[in-house]
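Some notes on the structure that comes next.
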Amino acid sequence: MPTPEQNKLVLLCAGGTGGHLFPAEALALVLQQRGLAVELATDRRAAHFKFPARAVHLIPSATLRGRNPLALARTAALLALGTAEAWALIGNIHPAVVVGFGGYPTVPPLWAASLRGVASVLHEQNGVMGRANRLLAPRVTAIATSFHTLANLDPRLQGKIGFTGNPVRPPVIEAARAPYAAPDEKLRLLVFGGSQGARVMAEIVPKAIEHLGAELRAPLAIVQQARGEDLEVVRAAYAKLGIAADLPKQPDVGYRAVNALIAHGEPVVIPPDAKKVQYEGELAVVIGKRTKHVSEAEALSCVLGYTIGNDVSERTWQKSDRTLWRAKNTDTFKPMGPWIETQVDLEALETRVRVNGQETTRFRTNAMLFGVATYISTISRYVTLYPRDVIWMGTDGTSPDLKAGDTVEVEIAGIGTLRNPFVAGT
């Protein structure tokens, strides 16, 4: 069995999003250039990511959120399971060092490394240390930082800090070499974020722009993503400053075919020529009465209840076809269920998606660009809604590519869990 010195293996661990994976990728490329072997420990979200490593190990993990005792117990159980698997993995591959790049998927490998006495490094990309990294900081050997100062760190751990900056990949370095060409007239600024990011940006960006001098504001042309409830405030803020701003004006609506609907527990059949099948976990709104030209203030009175949908999609068809006729509407591509819940607090809902028991997506259900009332009101201006019509509200996050044998669960707290296996078609 090789010793760590003989192995010259570095085990990198990172959460399954670009903010964590990209710095890890940059380090992996440099280590490989220096003759070291690299393997990656991550979660299922990164299963589709082409990471430059000798091997990629998917380790169970979960994000600590909320105060629900059952949710906390489940998170603790998954982290414990992940730590046990990481313990076994480190015992098998004998890395010389384990390097973590943040996110809860780094907790099991770095925790297991500390239990086994393996050297470990934690890289913090932000100026304020997050919760997962604060949990790990006392147990790692060293902490690398992207900034000279680091907030939210126990003063007793300051001696572990070493400033390294944030590793960047070769394409970023190459792009930095290109000379900057100043715009002749307008400076176009794109502002976007996820469901929570869009809310924060709607609050802080207009205020920040206001602090610019008039000569700096003059050439700005802004395109900003904003949630429905923030649109008018953001639009008014830019209008007051005399800035041209392009914001979404109404929801984008598409049809879904009845032939695609299946129930909770029924299999999703993947066609033989499908190449990139993914899930979209969504809140589904069931209409309870005939609805036409309803205002947003009255729209929710037209709702019978809420259920859960999985808007299964084939992404290559979605890009290549002129319409979504097969990408979204192939037979069995619209699981819905398990029941209709009539008493729902929309603001309290949280959506979680799991693939084979591993959580891959989580977001606040109602934190969409446009809310339920906006969708109903907008659609009813042009299309009469009837009892039992269903409106699917959209999703957040990203999906791994799905294959036959996978089982996808979409859980919305307060409604239930929609579970469907995926099978190969013939």
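A few remarks follow.
- Checking every one of the trypsin sites (Lys or Arg not before Pro) in region 305-367 against DSSP loop status and a limit of 12 other Cβ atoms within 10 Å picks out 322.
- Those aspartates and glutamates that a straight Cα-Cα span of less than 14 Å connects to residue 8, excepting residues fewer than 8 apart in one chain: 39
- Placing a pseudo-label 7 Å from each Cα along the Cα-to-Cβ vector at residue 208 and residue 342 gives an inter-label distance of 4.7 nm.
- Cα pair distances exceeding 24 angstrom across region 258-370, given as percent: 36
- Using equal-weight Cα scatterers in the Debye expression, the normalised intensity of region 182-246 in log10 at q = 0.13, 0.17 Å⁻¹ is -0.32, -0.55.
- Computed FRET value (nearest 0.05) for residue 364 with residue 152, which takes r as the C-beta separation and R₀ as 25 Å: 0.60
- The rule of thumb for compact globular proteins, 2.2 N^0.38 Å, goes into the C-alpha radius of gyration of region 50-151 1.09 times.
- When the chymotrypsin sites (Phe, Trp or Tyr not before Pro) in region 208-286 are filtered for DSSP coil states and for at most 16 other beta-carbon atoms within 10 Å of their beta-carbon, the remaining sites are 255.
- Stretching the chain fully between residue 8 and residue 81 yields a gain of 23.6 nm (0.36 nm per residue, less the alpha carbon separation).
- Shape descriptor for region 4-174: Rg over Rh equals 0.95 (Cα atoms; Rh from the Kirkwood inverse mean 1/r).
- Restriction of the chymotrypsin sites (Phe, Trp or Tyr not before Pro) in region 303-392 to DSSP coil positions whose beta-carbon has at most 16 other beta-carbons within 10 angstrom yields 325, 382.
- Under 29 Å from the Cα of residue 292 - lysines, other chains or at least 8 residues apart: 249, 328, 334
- Aspartates and glutamates whose Cα lies under 16 Å from that of residue 186, excluding same-chain neighbours fewer than 8 positions away: 215, 246
- In whole percents, the pair-distance distribution calculated for the chain from its alpha-carbon pairs, binned every 20 Å from zero, is 22, 50, 27, 1.
No value in this document is a laboratory result; all are computed from the given coordinates. These figures come from a predicted structure and were not determined experimentally. Here Cβ is always computed from backbone atoms with ideal geometry, including for glycine, and neighbour counts include all displayed protein chains.
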